[in-house]
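Chemist: Next up is a structure, given as C-alpha cells.
Values quoted throughout were computed directly from the atomic coordinates according to the rules given, and no laboratory measurement underlies them. These figures come from a predicted structure and were not determined experimentally. As a convention, Cβ positions derive from the backbone with ideal geometry for all residues, glycine included, and neighbour counts pool all protein chains shown.
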Amino acid sequence: MIDTHIHADSRSGEDFKDMYLSGIDTAITCSYYPYKIPHELVLQNHLNRILEFDTKRAAEHGIDLKVALGIHPTNTNINPDNIFENLYKWIENKQIVAIGEIGLENLTDNEINYFKKQLDIANECNAKVIIHTPRKNKKTVLKTILDIVPQHLDEKNAVIDHVNKNIIGDLIDKDYMLGLTVQPHKLDKYDAISILDKYGFDKFLLNSDMSNKPSDPLSVPKTVRELTKEGYKKNEIKKVASTNAKKFFKI
Ligand SMILES: [Zn+2]
C-alpha cells in the first residue's frame, strides 16, 4: 500500500511502525515547513533533512520513503533561487519523485511566481508535480490553479491534491491525477469512498497528509479495508491502494 502524501519530518518513528504493520510499504513525503522562515537557509535545511534524515528514519521502520521537494505556497517569503537550482539537480539525480507540494494558498504575487517557475522546471525536466489546494477558499484558488497550470505543464504530469466533493466537478473531466486526503477536517473514509463510487478508481490517489496538524497515519489502510469490507472489486481497490501511484510516479 502507498500513502501518496505525508509530512514525515513532523511525525514519529511509532507512526512509521504502525503504518508498516498496517500494510503501508511506501510513502511519499512532501516538503512544507510549518513555522516562520527567517532565511532561505532554514527552508534549505528542511529540504536536506527530508532527503538525508527522514528517509533513513522511515526505512528503520520498514517504510520506503520517496521524496517530493519544492516550495510550498506558505513558504514563499524567501529568496528561492538556490532551491530552484537544487530542484534541477535532485530531479537529475533521481533523488525526488516529484516537485511538491507546490500550489497556491493566499494568491500572493510570490506564491503565483514561484508556482509558475516550479511548473516550468517540471516541464523542462519531465518531472511530476503535487499541487496543494487550500482548506479556505478552495474553489476560488483552484480556479487560478487551473488557469495557470495548462500554460506551463501538461495536466497529465500533475496531481491536484486535497480534492473534495465541492471541487471534483471542476476536475473530473481534465487529465489531472486527483488526490483524496483522508484527514480530520478534510475527508473521512466514507467521503472518499463516495467519491470513488461515483467517479471510478482510475484517476485517484489516497493519502493521509499526516503532518503537525490533526492527522491519522492509518487513514489510507483504514479506507482500503473499508472498501474491501463494502465489497468493492479487488482490482479496483488495488488501483487506489498502490498501482495508480506506482504508474504515475514511476516508483
Ligand atoms: Zn501536505
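Chemist: Condition check: over 20 Å from residue 9 (Cβ atoms), free of Cβ contacts under 8 Å to residues at least 12 places away in the same chain and of a type outside the set (Gly, Ala, Ser). Does residue 166 satisfy that?
Modeler: no
Chemist: Another one. Tell me which residues, restricted to the range 17-39, are of a type in the set (S, T, N, Q) and in contact with a strand residue (DSSP E or B) (Cβ under 8 Å, 6 or more places away or on another chain).
Modeler: 26, 29, 31 - these are the residues of the range 17-39 that are of a type in the set (S, T, N, Q) and in contact with a strand residue (DSSP E or B) (Cβ under 8 Å, 6 or more places away or on another chain).
Chemist: If I filter the range 78-96 down to residues being under 20 Å from residue 35 (Cβ atoms) and part of a helix (DSSP H, G or I), which single residue comes out as farthest from the chain's Cα centre (by Cα)?
Modeler: Looking at the filtered set, the residue picked out is 82.
Chemist: If the requirement is being closer than 16 Å to residue 192 by Cβ, of a type outside the set (S, T, N, Q), within 15 Å of the ligand (Cβ to nearest atom) and in a loop (DSSP other than H, G, I, E, B), which of these qualifies: 163, 159?
Modeler: It is 163.
Chemist: If I go through the range 199-240 residue by residue, how many of them are surrounded by fewer than 14 Cβ atoms within 10 Å (Cβ to Cβ) and part of a helix (DSSP H, G or I)?
Modeler: Here is the first cut: in the range 199-240, the ones surrounded by fewer than 14 Cβ atoms within 10 Å (Cβ to Cβ) are 200, 202, 212, 214, 228-231, 233-235.
Now restrict to residues that are part of a helix (DSSP H, G or I): 228-229, 234-235.
Qualifying residue count, the range 199-240: 4.
Chemist: Here's another thing I want to ask about it. Name the pairs: first residue in the range 211-236 and over 17 Å from residue 8 (Cα atoms) and of a type in the set (Lys, Arg), second residue more than 16 Å from the ligand (Cβ to nearest atom) and in a helix (DSSP H, G or I), Cβ to Cβ under 8 Å, at least 6 apart or on different chains?
Modeler: Sorted first by the residue in the range 211-236, then by its partner, the pairs are 222/189; 234/228.
Chemist: Any chance you could count how many residues in the range 74-99 are under 19 Å from residue 143 (Cα atoms) and in contact (Cβ under 8 Å) with a residue 60 or more places away in the chain?
Modeler: Here the count works out to 0.
Chemist: Conditions: (1) of a type in the set (A, V, I, L, M, F, W, C); (2) in contact with a strand residue (DSSP E or B) (Cβ under 7 Å, 6 or more places away or on another chain); (3) farther than 30 Å from residue 35 by Cβ. Residue 210 meets all but one. Number of the miss?
Modeler: Of the numbered conditions (1) of a type in the set (A, V, I, L, M, F, W, C); (2) in contact with a strand residue (DSSP E or B) (Cβ under 7 Å, 6 or more places away or on another chain); (3) farther than 30 Å from residue 35 by Cβ, the odd one out for residue 210 is (3).
Chemist: So, one more: Look at the range 98-135 and say how many of its residues are assigned to a loop (DSSP other than H, G, I, E, B) and within 15 Å of the ligand (Cβ to nearest atom).
Modeler: 5
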